[in-house]
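Right, one structure below, let's go through it.
The values are calculated or read from the model by the stated rules, or taken from the named source; none is laboratory data. Quick caveat: nothing in here was measured; it's all calculated off a predicted structure. Because the Cβ atoms are built from the backbone with ideal geometry, glycine has one as well, and the counts that use them run over all protein chains shown. Surface accessibility is based on the protein's heavy atoms, side chains included, excluding ligands, DNA and RNA. Shrake-Rupley method; radii C 1.70, N 1.55, O 1.52, S 1.80 Å.
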Amino acid sequence: MTSAEPRSAAHGGGRVVVFVYGLLALAATARALAQIATRFAEAPLAYSLSLFSGLVYILATVALARSSRGWRTVAWLAISVELVGVLAVGALSLAVPEDFPDETVWSQFGAGYGYVPLVLPVVGLVLLWRTRARSPERGSG
Amino acid sequence: MLVLTWIVVALCLALGAWAAVRALRDQAVILRQLFAAGAVEAVLLVQLLVLGVLQARGAQVDDGVTLWGYAISMLLILPAAAVVSFLERTRWSSVVLLIAALTTAFLQYRVLVLWSA
């Protein structure tokens, strides 16, 4: 089957990916809000990053669940930001641990979340790639 | 508190195992599983109530905000899986239910740690 239109990423196995994204969005955002509400001054950088990562996960969840071209672009961007984020923050949290006195979702490459934050963006990008629009002349893969 | 935690964990593991079996057999989530998930939700609500009463009576918790964050977040996970099981009538809904059940069980553990801290 060939199609010029992208298939929805959010069906079949893709639905599982979207669900796990939703879980991570909930976990990161709720945790960041709790941290900011109770003890923002202790680790402003870590808690701000927590909130930022939570918002990116929410955006990625919504974008993956929709199939229009615009939303797919948003998904590509959001998931790329996640991958860069988990790699950068993971490395920084090991290099300068004093700036990260408390955990964020991305600290230690997401070890506190079973490395799901490290694996998930890769899975998300693969999913977007496999459900991309294919031009008929190139045939189906 | 402890009893309720173990009840939820046991129910979640049983529900997760049920979902895993159906996923392996290439079957989608069925209504009876959603009733089971509803039973877990009922226990979670009782737990929320007990948590509130114990705290109102002066039980001390180190990090109450995070504890309540977990307790409330936990309520959302199985219903979200239920929504997916209506949208996705394939084995993948069973996989989602499995993940939801295991996550709920894990959050119970986190609540227990925070509570006994």
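Go through the stretch A:39-63 and give me each residue that's hydrophobic (A, V, I, L, M, F, W, C), at pLDDT below 90 and assigned to a helix (DSSP H, G or I). First the steps, then the outcome.
Step one: list which residues in the stretch A:39-63 are hydrophobic (A, V, I, L, M, F, W, C), which gives A:40-41, A:43, A:45-46, A:49, A:51-52, A:55-56, A:58-60, A:62-63.
Checking which are at pLDDT below 90 leaves us with A:40-41, A:43, A:45-46, A:49.
Correct list: A:40, A:41, A:45, A:46, A:49.
Go through the stretch A:7-27 and give me each residue that's open to solvent by less than 20 Å² (accessible area, probe 1.4 Å) and at pLDDT below 90.
Scanning the stretch A:7-27 gives A:9, A:10, A:12.
What's the total number of residues in the stretch B:80-117 that are at pLDDT 90 or above, within 25 Å of residue B:68 (Cβ to Cβ) and within 11 Å of another protein chain (Cβ to nearest Cβ)?
10
Applying the selection to the stretch A:87-114, what residues are part of a helix (DSSP H, G or I) and closer than 11 Å to residue A:49 by Cβ?
At the first step, the residues of the stretch A:87-114 found to be part of a helix (DSSP H, G or I) are A:87-95, A:97-99, A:107-113.
A:88, A:89, A:92, A:93, A:99, A:107 - these are the residues of the stretch A:87-114 that are part of a helix (DSSP H, G or I) and closer than 11 Å to residue A:49 by Cβ.
So residue A:113 ticks every box in (1) of a type in the set (Phe, Trp, Tyr); (2) touching a Ser or Thr at 6+ places or on another chain (Cβ under 9 Å); (3) under 17 Å from residue A:22 (Cβ atoms) but one. Which box is left unticked?
(2)
Taking residue A:15, is it over 16 Å from residue A:117 (Cα atoms), among the charged types (D, E, K, R), assigned to a helix (DSSP H, G or I) and touching an Asp or Glu at 6+ places or on another chain (Cβ under 6 Å)?
Values: over 16 Å from residue A:117 (Cα atoms): yes; among the charged types (D, E, K, R): yes; assigned to a helix (DSSP H, G or I): yes; touching an Asp or Glu at 6+ places or on another chain (Cβ under 6 Å): yes.
Yes, satisfied.
Inspect the stretch B:60-67 for any residue being more than 13 Å from residue B:12 (Cβ to Cβ) and more than 14 Å from chain A (Cβ to nearest Cβ) and give the result as yes or no.
So in the stretch B:60-67, the residues more than 13 Å from residue B:12 (Cβ to Cβ) come out as B:60-67.
Those still in the list that are more than 14 Å from chain A (Cβ to nearest Cβ) too: B:60.
Within the stretch B:60-67 (the criterion being more than 13 Å from residue B:12 (Cβ to Cβ) and more than 14 Å from chain A (Cβ to nearest Cβ)), the answer is yes, since at least one residue qualifies.
Of the conditions (1) free of Cβ contacts under 8 Å to residues at least 24 places away in the same chain; (2) of a type outside the set (A, V, I, L, M); (3) over 22 Å from residue B:91 (Cα atoms), residue B:41 fails just one. Which one is it?
For residue B:41, the failing item is (1).
With A:90, A:70 as the choices, which residue is away from chain B (no Cβ under 13 Å), modelled with pLDDT under 95 and within 27 Å of residue A:134 (Cα to Cα)?
Numbers: A:90 fails: within 27 Å of residue A:134 (Cα to Cα).
The match here is A:70.
With the condition kept exactly as written, say whether any residue in the stretch B:49-66 is surrounded by 14 or more Cβ atoms within 10 Å (Cβ to Cβ) and either within 15 Å of the chain's Cα centre (by Cα) or closer than 20 Å to residue A:11 by Cβ (or both).
No - not one qualifying residue is present in the stretch B:49-66.
Does residue A:72 meet the test of being buried (at least 21 other Cβ atoms within 10 Å of the Cβ) and charged (D, E, K, R)?
Working: buried (at least 21 other Cβ atoms within 10 Å of the Cβ): no; charged (D, E, K, R): yes.
Criteria not met by residue A:72.
Taking the criterion of being among the aromatic types (Phe, Trp, Tyr), out of contact with any helix residue (DSSP H, G or I) (no Cβ under 7 Å at 6 or more places or on another chain) and either open to solvent by 30 Å² or more (accessible area, probe 1.4 Å) or within 14 Å of chain B (Cβ to nearest Cβ) (or both), would at least one residue in the stretch A:48-56 satisfy it?
The initial filter retains those residues of the stretch A:48-56 that are among the aromatic types (Phe, Trp, Tyr), namely A:52.
Filter once more, keeping what is out of contact with any helix residue (DSSP H, G or I) (no Cβ under 7 Å at 6 or more places or on another chain): A:52.
Narrowing the set further to residues that are either open to solvent by 30 Å² or more (accessible area, probe 1.4 Å) or within 14 Å of chain B (Cβ to nearest Cβ) (or both) leaves A:52.
Looking for residues that are among the aromatic types (Phe, Trp, Tyr), out of contact with any helix residue (DSSP H, G or I) (no Cβ under 7 Å at 6 or more places or on another chain) and either open to solvent by 30 Å² or more (accessible area, probe 1.4 Å) or within 14 Å of chain B (Cβ to nearest Cβ) (or both), one finds at least one in the stretch A:48-56, hence yes.
Considering A:103, A:98, A:42, A:82, which residue is away from chain B (no Cβ under 14 Å), touching a residue at least 24 places away in the same chain (Cβ under 8 Å), at negative phi and among the acidic types (Asp, Glu)? Break it down stepwise before answering.
Numbers: A:103 fails: away from chain B (no Cβ under 14 Å); A:98 fails: touching a residue at least 24 places away in the same chain (Cβ under 8 Å); A:42 fails: away from chain B (no Cβ under 14 Å).
Result: A:82 is the single residue among A:103, A:98, A:42, A:82 that is away from chain B (no Cβ under 14 Å), touching a residue at least 24 places away in the same chain (Cβ under 8 Å), at negative phi and among the acidic types (Asp, Glu).
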